[in-house]
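Values quoted throughout were computed directly from the atomic coordinates according to the rules given, and no laboratory measurement underlies them. For clarity, every value in this text was computed on a predicted model and none was experimentally measured. FYI the Cβ positions are ideal-geometry reconstructions off the backbone, even for glycines, and counts take in every protein chain you see.
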Amino acid sequence: MRVNQRTRNHTYWEYDKIEMNKIRIRTFYSGKVQGVGFRWTVRNISNNFEIDGYVKNLADGRVEMVAEGDEKQVGAFIEAINERMSGYIRDIRKEKERPAEEKSGFEIRF
């Protein structure tokens, strides 16, 4: 959020620090990640973090997960998933995206 601040004869813009640290990461998991409760586990882990996004199965056998929020929260969330589900994950591919600024919570998509 931009805030217009005036000081004497100058106008400048301040950006809210929270929004500047907001990120969106799309992660693709492959391995034995379908049919093992992966999405439900990710959804349960999300309850411990202040993030928005979703997790869903893909037709090619991978799982797609999108997480948006504070950079530290998203990083810790992804780390928690990777640690908890490490026995099922063979490969992880991450893509950084522009934050969508949506407040939707975290859900399982079908």
Conditions (1) surrounded by 15 or more Cβ atoms within 10 Å (Cβ to Cβ); (2) in contact (Cβ under 8 Å) with a residue 60 or more places away in the chain: number failed by residue 69: (2)
Exclusive hit being aliphatic (A, V, I, L, M) and within 16 Å of residue 102 (Cα to Cα), set 59, 76, 67: 67
Close pairs (6 angstrom Cβ cut-off, 6 or more residues apart or separate chains): without any contact (Cβ under 8 Å) to a residue 40 or more places away in the chain in segment 55-66, among the basic types (Lys, Arg) and in a strand (DSSP E or B) anywhere: 64/56
